[in-house]
1. For the stretch B:253-329, give me every one of the strands (runs of 3 or more DSSP E) that falls completely inside it and has 3 or more residues that are of a type in the set (A, V, I, L, M) and surrounded by fewer than 18 Cβ atoms within 10 Å (Cβ to Cβ).
2. Just one of the numbered conditions (1) crowded, with 20+ Cβ neighbours inside 10 Å; (2) at the interface with another protein chain (Cβ under 10 Å from one of its Cβ atoms) is not true of B:K150; which one?
3. Hey, among the residues in the stretch B:116-133 that are within 8 Å of another protein chain (Cβ to nearest Cβ) and touching an Asp or Glu at 6+ places or on another chain (Cβ under 8 Å), which one's farthest from A:T118 (Cα to Cα)?
4. Right, A:M121: within 17 Å of the chain's Cα centre (by Cα) and in contact (Cβ under 8 Å) with a residue 24 or more places away in the chain or not?
5. Exactly one condition in (1) assigned to a loop (DSSP other than H, G, I, E, B); (2) over 27 Å from A:Q173 (Cβ atoms); (3) more than 8 Å from chain A (Cβ to nearest Cβ) is not met by B:I202; state its number.
6. Would you be able to say whether some residue in the stretch A:169-183 is modelled with pLDDT under 95 and hydroxyl-bearing (S, T, Y)?
7. Could you look through the stretch A:37-57, keep only residues that are in contact with a strand residue (DSSP E or B) (Cβ under 7 Å, 6 or more places away or on another chain) and within 21 Å of B:A297 (Cα to Cα), and pick out the one that is farthest from the other protein chains (Cβ to nearest Cβ)?
8. Kindly check whether there is at least one residue in the stretch B:192-199 that is in contact with a His (Cβ under 8 Å, 6 or more places away or on another chain), more than 28 Å from B:L60 (Cα to Cα), within 10 Å of chain A (Cβ to nearest Cβ) and surrounded by fewer than 16 Cβ atoms within 10 Å (Cβ to Cβ).
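The values are calculated or read from the model by the stated rules, or taken from the named source; none is laboratory data. In this text the structure is predicted, and so the values were computed from the model without any measurement. Methodologically, a virtual Cβ is constructed for each residue, glycine included, from the backbone with ideal geometry; neighbour enumeration extends over all protein chains shown.
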Amino acid sequence: MKILVCIKQVCESESPIQIDDHGRWIQTDVITGYQMNRLDEFAVEEAVLLKEAYPGSSIDAISIGPERSAEVIKRAIGMGADHGVHMLTESEGYLNPFTIASGIADYARDKHYTLILTGVMSEDQMQGQVGPMIAACLSLPWATAVIRQQMAPDTKSVFVEREIEGGSRDTLQLQLPAVLTIQSGINTPRYPSLSNLLRANKQKLETFQAGDSTQPQLRENVVRVAYPEKSRSGTVLTGTQHEKATRLLSMLREKALLQ
Amino acid sequence: MKQTIFVIVEHFAGQIKPVTHELVTCAKRLQLITGSAIKAVILDAHPAMLAREMADTWGLEVTAARIPQLTGYNGEIYKSVLADLLRDLKTAYVCTAHSSQGMDFAPALAVELNAACITGVEDILEVENQTCFARSIFGAKAVAHVRPEKDVSILTIQPGMFRPQKPEIAVPGSVTHRSFNCESLKTRSRGIKQAEADMTGITEAAVIVSAGQGLGDKENLDLIYQLAALFTKSAVAGSRIVCDLGWLEYRCQVGVTGATVSPKLYIACGISGAVQHAMGMRNSEYIVAINKDPAAAIFQVADICIVEDLTSFIPAFIKVYEKTKSDGL
């Protein structure tokens, strides 16, 4: 079985987010650090579990982004991927999901992957578009928010359960090859092992410039970035911790929420 | 050029889902800007009744796409039938829900139609005389205004953001019946498994104390339970991350993929407040947020904001509470 797992590097969730002077994008220089999109970790883990269940399988991990993104590809190798692919972009700014998806689809087209996996969405852009777009580009069946999968190689299919509203599950049988976007909680992502990390550091990534000649036309664009508006009064309590605690207590008592 | 606004009717088990009415409301907002006609499309094995209901309730022109193979939702069928229906349009907005269905087929449909795709739309606005759509980014610490660069735009509308208006007494719209045959599918639906988790514990509580990743360590859950114990009819809940980490069971999860709650008091402890969580608790009567990150998005939906580390603030609060108790208030 050949698996492609698509991963993204995102800024740490605790990192401060500041909008640039023109209100066009966020200021990248105040970001404190980057990490693998937490939701993609579940996709990498699911790929590694499949590789363990089906000996002889191989995993390619692919990411599109600036040079720093190589770190998350190495982490995927550390977790058990065999080969890393880096589609290098110049820009630090917004990358359109269709650009990413068609880039990955172009890479995957002749490689005969059995499964293409990715996280359900990225933590930074939260669009959840890349998975179904890759499937559409390659005319493959897909399922999003997959919380359980069971391969059935005999029938060249995979049974999946996708999470729908209220914790119920929609069950599907997809013909292979297929694209799955993996929901968090499907497994417990492992930490990279030391031996795999050493391998990742020695091993060369397959690196090439993303879409220099085939850059697809932009389908939508971010024209402005703003801070969110408050939907409630949002009274900020001030003073020492003790003063805040006292104030909160009296507010809750005034509202008869606490005796 | 006049555009058409299409609303994709979301339905389940023979009922139009409430989110569909929000989609119509959103379409009407778009109509004010564009002057376009609104049409609805419904896909089902037997769509006639629900199509009639949509046409009568909202006075819309409805296309009823009858697909014998469709049992419930199937992404592949939705993509190919909607692509067939919409392919010849020069310009259009397609409004679908940012739900497990809409999120599943919208991006694939956009590829098929060479269209723009904007997911999780929370608002419609005009920037430099052009229609843009607002959506949260970076864990709701910022909002992006996204402009479609194509004449056809597929939008998934965040539930809860467009309060459905009461439909005016409308002249019933017409229903057009179309039939599609979807054979040789690569995606076979095999039915819905109902949720096993019993969420009544948190949906019926008057007070919810909820934990997020800011808890830092499973052992700190004890603080959450201690705080909850001060209140009557209280329950402990958590964000998805906390459940993914195995610190709480999934039946305690509040948010889009968990329970939607509206208690008298919701205390969010160490919760960042990304859209997925906020959607599940924003209708609580009174919201207190405790988070050490002053930029946490949870403060945007809170009545009381406390910028503190929960591991020291909760013990401090309990101490103050107990002191007033022993002092006889």
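1. On the way: elements: B:265-269, B:286-290, B:304-306.
Qualifying strands (runs of 3 or more DSSP E): none found.
2. All conditions pass for B:K150, except number (1).
3. B:C132
4. Yes.
5. Looking at each condition in turn, B:I202 falls short on (1).
6. No: zero hits.
7. A:N37
8. No, that holds for no residue.
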